[in-house]
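Here the structure is laid out as structure tokens; the discussion comes afterwards.
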Amino acid sequence: MAHIPAATLGNKNKKHFLGVPAPLGYVAGVGRGATGFTTRSDIGPARDANDVSDDRHAPPAAKRKKKEEEEEDDEDLNDSNYDEFSGYSGSLFSKDPYDKDDAEADAIYESIDKRMDEKRKEYREKRLKEDLERYRQERPKIQQQFSDLKRNLIAVSEEEWANLPEVGDSRNKKQRNPRAEKFTPLPDSVLSRSLGGESGTAIDGRSGLASMIPGVATPGMLTPSGDLDLRKIGQARNTLMNVKLSQVSDSVAGQTVVDPKGYLTDLQSMIPTYGGDINDIKKARMLLKSVRETNPYHPPAWIASARLEEVTGKLQMARNLIMRGCEQNPQSEDLWLEAARLQPPDTAKGVIAQAARRIPTSVRIWIKAADLETEPKAKRRVFRKALEHIPNSVRLWKAAVEMENPEDAKILLSRAVECCGTSVELWLALARLETYENARKVLNKAREKIPTDRQIWTTAAKLEEANGNNHMVEKIIDRALSSLSANGVEINRDQWLQEAIEAEKSGAIKCCQAIVRAVIATGIDEEDRKQTWIDDAENCAKEGAYECARAVYGYALSEFPSKKSIWLRAAYFEKNHGTRESLETLLQKAVAHCPQSEVLWLMGAKSKWLAGDVPAARGILSLAFQANPNSEDIWLAAVKLESENAEYERARRLLAKARASAPTPRVMMKSAKLEWALNNLDEALSLLEDAVKVFPEFAKLWMMKGQIEEQKQLLERAAESYNAGLKRCPNSIPLWLLLAALEEKRNLLTKARSVLERGRLKNPKNALLWLAAIRIEIRAGMKDMANTLMARALQDCPTAGELWAESIFLEARPQRKTKSVDALKKCEHDPHVLLAVSKLFWSERKLQKCRDWFNRTIKIDPDFGDAWANFYKFELQHGTEQQQQELIERCNTAEPKHGEEWCKVSKNIANWCFKTEDVLKAVVRHLPTPI
């Protein structure tokens, strides 16, 4: 053996990394879990030589002195010593007074600071913009960095898109299979070196290379001897993979397609529906088993055990358990019913038959047995067998009767009332099936058996009414109350009234009225009668029981014949829910008892006039004159009646008499209006000049005078009339608006603005004056000024719906929705805002939403004519003829009187004879479609 030099051995044992610089980022010991640390010697002393001492080693006296100083500082910095003006430190001049000169100086300094800040603002914003641009150039967003690549994506074909791998397949492999073994691929150099450069397919199992192949050599086990065939290993691996794939694949047209979703769905169908922890199921099984063994005669334990197995998908085990429970507890109907539920239908019949033999007196078991039968004949057989065992079960009798035809049901019920004599339902059912004479006998027997039930009495009353014996109805109800009271039954007023409502719904009108008259006064204090009866009538009307409500009003009026409020409520009830004849009959009685009530007379006259009976209306008004001489309302109603029927001379004579006997402002106004409508302008002006001398405080007279002068083109005189009226009536908003409109008409915009400004000074926080000023600027083309005025107006009147509605459409189209949300927050139930939102949806062509919001608007304020007109225009464009006609009828019923566009038409003297429908259609012609 040759001698090897020591130097050579030394070089061989020397590590190759010694003397080589450490790699970048290398930290010694980190691979073994070591962490670095730093000592004082690495970073030097904690304090510099020139630092102030922390006084930890100062003498006690110095420490005490410093502590007192700190406490004083803390007291100075207390919140109680804080001043908003001078802060914590206090002011050097706090003892001096803060006078007017100081306030002025502070205001001057503040304005200077503000001015200087505004000067620097432009420079600051420019500097900030430049810095931001420079920063974006240095550090562009990821979106900008990849923008060129994103543009190139348009060249990617569909096939390339389809061939892209799924996200997360390789990246999340470790998370999906954390226990998988890690394999390191061998380089070709190692294989060639181990195999000696030969192209063989076997590998020596004794070599270290075999331990790198999974399944060939495993640590802790003997390495197999002999050569390993790599080709066979590969073939085995492929075979195993094919087996796994075939388990989760389907063969479609010769291709192998793996459907993971379908595979998961199939798995889900195999798993029980219970989604809890398996350990909880095991614990529950153990507990329930313990309960069953401890007390096997406790049925709920068996039921709970069976249901647990049912939930976890073990249905057969559940059936076995429940049958064992039935053996242990043969008298438990719950167990038998649960067993029948768990069994399939055929087996369930046998189970329930066994249960019926064990517990023949269980109603529930017999009912279940009948439910399991499918043929009616078999069901009837079960019920009859059940009644042999339990003849006193009302439930079984009712179920058996329902299965029979009327004739057989009558026979069954005859037997049923013998066995269950205290069941009201069975007696009543038998009475319904019998003839009139037999039904009376049945009900008499029922009253003998059950003397404390009111339904038998009310059924008897309905029976008499149905057979035309109306005189017997009231007698039966009175006897019922006396008999029930004698038998100790409390007469509950609310229950009897509900019985009356039910009687009306069943068509027994006389019966319901008799019940109301009999019990309406029961249990009410004397002083509460009137209000209680009014509430009862309103409640009956709400439930649709109009005959009951009519009976309540009738009884109340018989007790209080001179109460005008009850007559009025009854009249409005007849107007809404009755006929014209019933209303007129009631009003005739009303004016007989309350002749001084002008409203009742006028309602009667109007009803006759609407029916086309003008002479009868005149007769009613003449009687009203006799009962109420010199009544302004009756005079004016008579004038309206004559003028509406083109009897102008009669209307003039009536007005002349009224001016002579009862010269009121309204009479003077109606006199002038009649002449104005008939185009006698000079006569109308003469009447108005006399009227304003006598009644200068009545603003409408000044308005009419100015409007007639405008019509005659006497604009200077009209302005004088308006100004004179404003001196007398400075709080009349329409007068201010008329004067401003006149000045605008004369092209004196500055004067119009001045008029509205003066009006706002006299009437602060008035939305209509602000709105007029804003619209003047819009019409003048000064939209910026209009926006400024709108901002001021909303500050002055933050809850004015008119202003918010106008502000929505002042905005540009994209901002309107946001503005409408703000408006709804401030005025949620204002009809102007709701109308503006409806029009907004209309402009966006959201038709159903628009219709819903229009309905909300007219429901909140049915007197708002503009809402009706816009709604009708919307229906003309997008609705059907039926919807349009229905809306016209609703509008005629509501009779709206207010609204800006509505009043422009209805107050126009040329349209003085227009009905509600005419006004509606005229307004629609002038309304613009929202854009």
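The values are calculated or read from the model by the stated rules, or taken from the named source; none is laboratory data. Treat the numbers as computed from the prediction; the structure is a model and nothing was measured. Glycine gets a Cβ as well: all are built from the backbone with ideal geometry, and neighbour counts include every protein chain shown. SASA here: full protein model, heavy atoms, side chains in, ligands and nucleic acids out. Shrake-Rupley method; radii C 1.70, N 1.55, O 1.52, S 1.80 Å.
Rolling a 1.4 Å sphere over the protein heavy atoms, what is the accessible area per residue of region 451-560, to the nearest Å²?
Using a 1.4 Å probe on heavy atoms only, each residue of region 451-560 averages 47 Å².
Given region 829-930 reduced to its alpha-carbon atoms as identical point scatterers, what log10 I(q)/I(0) does the Debye formula return at q = 0.10, 0.11, 0.16 Å⁻¹?
Rounded to two decimals, the profile gives -0.23, -0.28, -0.61.
Calculate, in nm to one decimal, what E418 and D148 gain on full extension: separation in residues at 0.36 nm each, minus their alpha carbon distance.
Stretched out fully, the E418 to D148 stretch lengthens by 87.6 nm.
Quick one: net charge of T374's neighbours, Cβ under 15 Å, K/R +1, D/E -1?
Charge balance near T374 sits at +2.
Going by the alpha-carbon gyration tensor, a ≥ b ≥ c the square roots of its eigenvalues, is region 451-560 rounded (a/c under 1.5) or, if a/c is not under 1.5, prolate (a/b greater than b/c) versus oblate?
oblate
Set Lys and Arg Cβ to +1 and Asp and Glu Cβ to -1, take the dipole of region 693-790 about its Cα centre, and tell me which of L714, M704, A786 lies farthest positive.
Checking the options against the dipole of region 693-790, the answer is M704.
What does the highest-first list of 144-157, 643-656 look like by mean Cβ count within 10 Å?
With the highest mean Cβ count within 10 Å placed first, the list reads 643-656, 144-157.
Leaving out ligands, DNA and RNA but keeping every protein chain, what accessible area does Y555 have, in Å² rounded to the nearest 10, with a 1.4 Å probe?
Rounded to the nearest 10, the figure is 50 Å².
Tell me, what is a quarter of the convex hull surface for the C-alpha atoms of region 420-508, in nm² with one decimal?
Averaging across all directions leaves 5.5 nm² for the Cα convex hull.
HN-Hα J couplings of region 547-560 from phi, Karplus 6.51/-1.76/1.60, θ = phi - 60°, integer Hz, Gly and Pro as x?
Per residue, the Karplus-derived 3J(HN,Hα) values read 5, 5, 4, 4, 5, 5, 4, x, 5, 4, 5, 5, 7, 10 Hz.
Carbon and sulfur: what percent of region 829-930's accessible surface (1.4 Å probe)?
Taking all protein chains in place, region 829-930 shows 50 percent carbon and sulfur surface.
Which of the residue pairs K817/K921; K606/K915; K700/K915; K705/K921 have a Cα-Cα distance greater than 18 Å in the structure shown?
Going by Cα-Cα distance, K817/K921; K700/K915; K705/K921 fall outside the 18 Å limit.
Ordering E689, E828, E527 from largest to smallest accessible area (1.4 angstrom probe), what's the sequence?
Ranked from most to least accessible, the order is E527, E828, E689.
Which value, in Å², gives the accessible area per residue of region 278-438 when a 1.4 Å probe is used on the protein heavy atoms?
Ligands and nucleic acids excluded, the figure is 56 Å² per residue.
Which value, in Å² rounded to 10, gives the accessible area of R395 with a 1.4 Å probe and all protein chains present?
Counting only protein heavy atoms, R395 exposes about 140 Å² to solvent.
With Rg and the Kirkwood Rh both taken from Cα atoms, where does Rg over Rh land for region 394-456?
A ratio of 0.94.
Take the residue pairs K462/K510; K762/K904; K727/K897 and return only those whose Cα atoms are more than 18 Å apart.
From K462/K510; K762/K904; K727/K897, over 18 Å: K762/K904; K727/K897.
Report P(r) for region 811-851: all Cα-Cα distances, bin width 5 Å, range 0 to the bin holding the largest distance, values in whole percent.
In whole percents, the pair-distance histogram is 6, 25, 31, 26, 12, 0.
Cα-Cα over 27 Å: which of K575/K859; K114/K819; K826/K907?
In this structure, K114/K819; K826/K907 lie more than 27 Å apart at Cα.
Test of understanding: express the Cα radius of gyration of region 278-438 as a ratio to 2.2 N^0.38 Å, with N the residue count.
1.32
Sorted by accessible area with a 1.4 angstrom probe, largest first, how do E125, E158 fall?
Ranked from most to least accessible, the order is E158, E125.
Where the accessible area of region 278-438 is counted over protein heavy atoms with a 1.4 Å probe, how much of it, in %, is carbon and sulfur?
Within region 278-438, the accessible surface is 53 percent carbon and sulfur.
Could you order the peptides 857-866, 618-627 from most to least packed, using the average number of other C-beta atoms within 10 Å per residue?
In descending order of packing, they fall as 857-866, 618-627.
Show me the ranking of peptides 736-745, 893-902, 372-381 by mean Cβ neighbours inside 10 Å, starting with the highest.
736-745, 893-902, 372-381
Which whole-number value in Å² is the accessible area per residue of region 726-823, probe 1.4 Å?
For region 726-823, the per-residue accessible area is 52 Å².
Name the residues whose placed amide hydrogens come within less than 5 Å of the amide hydrogen of S393, ignoring near sequence neighbours (fewer than 5 apart) on the same chain.
none
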